[in-house]
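The structure appears right after this line, and notes come after that.
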Amino acid sequence: MSAIYILWLRELKRYTRSRAQIVASLGQPVLYLLVLGFGLGPVFRRAGSGDYLQFVGPGVIGMTILFSSIFSGLGLLWDRQFGFLKETLVAPVPRLQIMIGKTLGGATVSVIQGLLVTIVCVLAGFRPANLWLVPIAIGFMAAIAVVFAALGMALGSSLQDMQGFQLIMNFLVMPIYFLSGALFPLTGLPVALAFLTRLDPLSYGIDGLRTMLLHQPPFQPAFHVATNIAVLLCVAVAFLIAGAWRFSKIEI
């Protein structure tokens, strides 16, 4: 357990000692929030769907967590390139603990970034419908972070260079994001698109997050809260197992 704590703490220190990284992590979410939130707001209101800024806020938070957590696997390639991973793997510590520590570290950093973007959303005009449900919303943030940090670790363990990681991320991250319902409601979709959104684990995370933060008409949740929780837990376990298996195959 000490190895898990040390690696978790290292990931936090890597993030917090870089102020530039903290500021840069807010750039894209703020752009999405302001441009889409205010730009599409009038169209959304005329359609009778309420305030688009309220709707897109949880989607932007989920986007931040997705990108941050899944790219934490890039840190694994960085450690491999500069030799830190080799030093870690030769230590008398089970590889499972190393993988869990790095996954939890990446997930924690992602939740911190999600909370920072939540503050930006509030400053921009987003208002949670029920403050008592905010802690549950943070729980959904943590679940999203663990799911995609584990996926990032599985991918990072399977690749040898950063170019390959970037290529896979471009073909994986953007479809996950755009099919998640972060930018549009998941209800009333064409059959084919509805099917694809239900295959996307981020859809359940953002729907649960949005349900906790909005929880009022005209927003209509696409899934039951229990369904969202069950899917996220199952996918998290599956990705953790896959990540642990791939991490165990890394050659020193």
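In a simple Cβ point-charge model (Lys, Arg +1; Asp, Glu -1; nothing else charged), region 99-252 has a dipole of about 140 debye relative to its Cα centre. Each of Lys249, Lys102 has some number of other Cβ atoms within 10 Å of its Cβ, and from fewest to most they run Lys249, Lys102.
Here, each number is a calculation from the coordinates, and none is a lab measurement. Please read these numbers as outputs of a predicted model, since none were measured by experiment. Note: ideal-geometry Cβ built from the backbone for every residue, glycine included; neighbour counts use all protein chains shown.
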